[in-house]
Amino acid sequence: MISIKNVSKHYGSFQVLADCSAEVKKGDVIVICGPSGSGKSTLIKCVNGLEPFQQGAIAVNGISVGDPKTNLSKLRAHVGMVFQNFELFPHMSVIDNLCIAQTKVLGRSRAEAVERARKLLDRVGLLVQADKFPGQLSGGQQQRVAIARALAMDPICMLFDEPTSALDPEMVNEVLDVMVGLAQEGMTMMVVTHEMGFARKVANRVIFMDEGRIVEDAPEEDFFSKPRSERAQQFLSKILHH
Amino acid sequence: MGYEFDWSSIPGALPYLWTGMVMTLKITAVAVAAGIVWGTLLALMRMSGFKLLAWLAASYVNLFRSIPLVMVLLWFFLIVPSLLISLFDIPRSYDTRLVSAMVAFSLFEAAYYSEIIRAGIRSVSKGQMGAASALGMSYAQAMRLVILPQAFRNMVPLLLTQGIILFQDTSLVYVSSLADFFGVSYQVGSRDGRLVELLLFAGAVYFIISFSASLLVKHFQKRKTT
Amino acid sequence: MNYHWNWAIFLANTPSGRTTYLGWLLSGLEVTLALSLSAWIIALLAGLLMGVLRTVPNRWLSGIAAFYVEVFRNIPLLVQLFIWYFVLPEIVPVSIGDAYKALHPFLQQFLAAMICLGLFTGARVCEQVRSGINSLSVGQKYAGLALGFTLPQTYRYVILPMAIRIILPPLTSEFLNIFKNSAVASTIGLLELAAQGRQLVDYTAQPYESFIAVTVLFMIINTVVMILMHRVEARVRVPGHMGGEQ
């Protein structure tokens, strides 16, 4: 479903991504991990064209992301994204946050959109907050709303950019639980995260990045039991000692 | 476009235009200097603990910030001279126009300067005042030696920008029939029937001076933060 | 000081007998209000458009807006006004110029002042809109785009609603400035409030009363506008969001 081939990106003289390649099949749950500055967030933002790249090719469901003729807005309407800082729209209520793109981008009627939104809010356990504003919610609640907002577009796959990194520890699990639920339903997911517990639970592959390169791309059990590269071994030993 | 441009008036009028520019620069310089001094005093008055002083300063600032500069200039042009003459018995023939314009600008701009300075003083962390007192300095000493120097360094770009605004505002002495650069340009233009060219010329000159000055300010701002 | 105060002068009839001096003042107030409000609408439209252009990725569009701002910010308002009133009618196509000059003098003055004041203030609004947009986190733009919004849609539904709320305080200052700057129009003969004040001084020989009245009227305008804008700010405030600060 997502095909990344030899993607390179530089910012001036700084090489952000170097020759990255990966294949994501339908139903895959891929966890991308690595030290800060390794390019993981950038890579995921290239998948839906939020970040441009100079070399290589990315295709989502056969549609080329880098091609200037591609209608990126149409593509993005079917690729859900969840951000580290939630990025809910503060001037709209929760229910409006979920409905606005449904009506303006997908052309659904307001009634249809509200119905879909309420179902999703119920699913993430926040139906009672439907008329509140993002500023009135906790971080964990906001992130769950953000996931619901992305799901309201009925995406074919979901991209997560460090979804729990900005959360207080006690709220991390409520968000991870929603994500685990999604994975178990068969959603294709690419998740940039440090939460190795999540990876062990639902990921079927782990990609390890360092300094802009994909250093390892292995099935989940292999990655944790016998990582092949030294860098990955160092990384794992550091973070698993918590 | 039916208008035939004829710029020939300008070269011959340059010396006269220059005297106008000198007038503009004089007023700007005096108003900036006096405005900053009086503005600093006003800021200090407002931040002092004396309720009466603070209230007086605040009322002054609010008054001058809620009325047009044109009004203040007209006040000083039409009313104040006769008031001063009757109060201080100055001979009627004394041309008070330049002095009253300078006073008007200084009093007016001081209100704006005082707001900039007040913000600047506030931006110096409270800890600085505490540290100065702990070293045994009085309020006045702390202000003079520790707070104000830092505040001013932070405010220089804003003070300079306000100066550029002042430079442009001096054109309003037109209402007092004073011959600043704009006034002279207008006179030359209507005298020679070339008002269009002279007005465009004046606009271009103001633009070049103000724009260059603002570029300089930006340059200094960049150098300060690196 | 042997000045003879006479506050009743406002109720005295003007030489033409058609109204009182107070009537003159009030008509000046009307002109000031009409001029300022219509110029403000122009300023908001121009400022919003240019402010958005300043922040788009396209260098040409952003450059045009920057050029507009620099031109209108570096020439004194009075000079701009004279250029609109004396120069523009001469250098535009003859048909437009003649149509303008055929208008009633009051309309000529009003139009020139309105366009001048509107575009002048628009340059300042532009800079505020730009700083409001830039103060938003870039993630907001990404979030909009990630949902499938085009860039214009992102500006309309995500960026501008928040940016405008953030800049309401400095926008209020610009709104107040327009009322004050409208007094400059008196120099081309428009009989707005400051000009009427001057007329009163000339006709009544009661300069103190005249000027105090005009000053008080300007202060009243100031206060009313500030109260109105505070109401607006309170109404559009986003619940749970501290005054727009991130």
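What follows draws every value from the coordinates through simple rules; no lab data is involved. Everything numeric in this text was worked out from a predicted model, so none of it was measured. Positions of Cβ are generated from backbone atoms using ideal geometry, with glycine treated the same way; all protein chains shown enter the neighbour counts.
Extent along the principal axes, Cα only, for region A:172-242: 34, 25, 23 Å, with the longest axis given first. Neighbour counting of Cβ atoms within 10 Å sorts the residues A:L120, B:L135, C:L200, fewest neighbours leading, into B:L135, A:L120, C:L200. Cα extents for region C:124-202 along the principal axes, largest to smallest and rounded to whole angstrom: 66, 19, 14.
Compute the Cα gyration tensor for region B:71-226, then decide on rounded, prolate or oblate, letting a ≥ b ≥ c be the square roots of its eigenvalues: rounded whenever a/c is under 1.5, prolate when a/b is larger than b/c in the other cases, and oblate in all that remain. It is oblate, given that a/c is not under 1.5 and a/b is not larger than b/c. Sequence-distant contacts, meaning Cα pairs under 8 Å at least 6 residues apart, place the relative contact order of chain A at 27 percent.
Evaluated on the protein assembly as shown, the Kirkwood hydrodynamic radius is 30.2 Å, with distances taken between all distinct Cα atoms. Between the helical axis of C:21-55 and the dominant principal axis of chain C, each derived from Cα atoms, what acute angle in degrees is found, rounded to the nearest 10? Between helix and principal axis, roughly 20 degrees. Distant-in-sequence amide contacts of A:M81, defined by a placed amide H-H separation under 5 Å and a gap of 5 or more residues or a different chain, comprise A:L159. Legend: mean number of C-beta atoms from other chains within 10 angstrom of residue C-beta atoms, peptide B:194-200, equals 4. When A:D161, A:D131, A:D122 are sorted by how many other C-beta atoms sit within 10 angstrom of their C-beta, beginning with the fewest, the order is A:D131, A:D122, A:D161. Backbone phi angles across region C:202-209, fed through the Karplus curve with coefficients 6.51, -1.76 and 1.60 (θ = phi - 60°), yield HN-Hα couplings of 5, 8, 9, 6, 10, x, 5, 4 Hz in residue order; Gly and Pro are listed as x. Working note: Cα atoms of region C:2-80, range along each principal axis, descending, whole Å: 64, 27, 19. Please label the shape of region A:17-74 as rounded, prolate or oblate, based on the square roots a ≥ b ≥ c of the eigenvalues of the alpha-carbon gyration tensor (a/c under 1.5 means rounded; beyond that, a/b larger than b/c means prolate, else oblate). Oblate.
Counting, for every residue in C:137-143, the Cβ atoms of other protein chains within 10 Å of its Cβ and taking the mean gives 6.
Between the C-alpha center of region A:153-228 and that of region C:126-154 there is a gap of 28 Å. Here, region C:132-178 yields an orientationally averaged convex hull projection of 3.4 nm² when only Cα atoms define the hull. Rounded to the nearest 10 degrees, the angle from helix A:110-123 to the longest Cα principal axis of chain A is 60 degrees.
Give me the distance between the Cα centres of region A:121-142 and region C:1-47, rounded to whole Å. First find each Cα centre; the distance between them is then 54 Å.
Counting neighbouring Cβ atoms within 10 Å and putting the fewest first, the residues B:E4, A:E216, B:E109, A:E112 line up as B:E4, A:E112, A:E216, B:E109. With θ taken as phi - 60° and the Karplus curve 6.51 cos²θ - 1.76 cosθ + 1.60 applied, the whole-hertz 3J(HN,Hα) list for region C:225-233 is 4, 5, 5, 4, 5, 5, 4, 4, 4 Hz, x standing for glycine and proline. Restricting the chymotrypsin sites (Phe, Trp or Tyr not before Pro) of region C:1-51 to loop positions (DSSP other than H, G, I, E, B) with no more than 15 neighbouring Cβ atoms within 10 Å leaves C:Y3, C:W5. Counting only alpha carbon atoms, the long axis of helix A:230-240 and the longest principal axis of chain A meet at about 40°.
When the pairs A:K40/A:K74; A:K74/A:K104; A:K45/A:K132; A:K25/A:K104; B:K218/C:K141 are compared against a 19 Å limit on Cα-Cα distance, A:K40/A:K74; A:K45/A:K132; A:K25/A:K104; B:K218/C:K141 fall above it. Entry note, chain B: the mean residue ellipticity at 222 nm calculated from DSSP H runs of n ≥ 4, each adding -39500 (n - 2.57), is -26000 deg cm²/dmol after division by the residues and rounding to the nearest 500.
Reducing region A:1-71 and region B:163-194 to their Cα centroids gives an inter-centroid distance of 61 Å.
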